């Protein structure tokens, strides 16, 4: 038996008036999910422990079977693992987003945050911007590391984790002064980064082309070096991770999972869905891998953008370009499999940020009818008799272990 998780980041949502009271998942055309759902197990799971931040870090740890209360040490340290940063004991890793701030002639604190991803800027362009900031601000205490797209890393050797660093996607359109770090060093670095990047040639060109500039570094997600138990030790399965996002790749590195790079996978709506599908099939058809985790960031990004139309398109792409073809390929190859489809957390279009609400999950088994007879939607799953209170136990339902 082979095992697959298709993690549709941020897919869960709320009913939307423009969609006739349906959620994007309900409204989307998903013929493959619709075919599989009636013979699947469908229920709800609580991936965010009470009182913890509803981030993709805590949620994906839970989906992989790691209790966030035990294993979570901050978001950026997991990404640092993916980038290849050799964190030392006492180092603090901090997420360094290149964001878009408004550019009025007002004090820095009176600017507003327009875009947490700077228009999903390319890694190649952003690497030049991060290098420009690093040349001005790096020193014996601070080091900058390039990640993917707008997601980068700052290592602080001072050893203090600041807990007042606000995720930029939580404060879109708001005045930044109310959310800047209280620490004067971090605050000054952010303001200096704005001065360095605002008129950088890359940003000047982006503005000419109607694109959002990456004109400021925003620090958040601080934490210390993570210590994850090997995934195989926990489950007995050899596992692989397919994701364009450093966070997920970092979790995989920490868990001793194989990380599979897919050309053209970028974490956006136009990611290489077919490449991810092919990579998953290729790793599963061999003898060295029993489990693959396919992470697709697009629904979450579209939720942050506040676009239900693009979120629907992301869900439809996952159904027709990953789920359907992968099931067909595995079936044609005579490979028995169990597939779990789920989001890590909701990212409602109305709110443009994450919520800690439970998420709907679906487990399909190619060898037997699991017999729930339900649709796979938020509403249908909430009416199921199955409610997994500890989300980190959900993986046991997929791999059929106590």
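The sole residue among 364, 308, 293, 273 that is touching a strand residue (DSSP E or B) at 6+ places or on another chain (Cβ under 6 Å), crowded, with 18+ Cβ neighbours inside 10 Å, assigned by TED's automatic domain parsing to the domain that holds residue 384 and within 25 Å of residue 123 (Cα to Cα) is 293. Looking only at residues of the stretch 319-335 that are buried (at least 17 other Cβ atoms within 10 Å of the Cβ) and without any contact (Cβ under 8 Å) to a residue 60 or more places away in the chain, we find that the one that is nearest to residue 276 (Cα to Cα) is 321. Taking helices (runs of 4 or more DSSP H) as the structural unit, those lying wholly within the stretch 173-255 and holding at least 1 residues that are farther than 24 Å from residue 77 by Cα and free of Cβ contacts under 8 Å to residues at least 12 places away in the same chain correspond to 184-197, 201-208. Please name all residue pairs, on different chains or six or more residues apart, with Cβ atoms under 8 Å, provided the first residue is in the stretch 373-402 and is assigned by TED's automatic domain parsing to the domain that holds residue 36 and on the phi > 0 side of the Ramachandran plot and the second residue is in a helix (DSSP H, G or I) and at pLDDT 95 or above. Correct list of pairs: 373/38.
The values are calculated or read from the model by the stated rules, or taken from the named source; none is laboratory data. These numbers were taken from a predicted model, which means no experiment stands behind them. Glycine also receives a Cβ, built like all others from the backbone with ideal geometry; neighbour counts cover every protein chain displayed.
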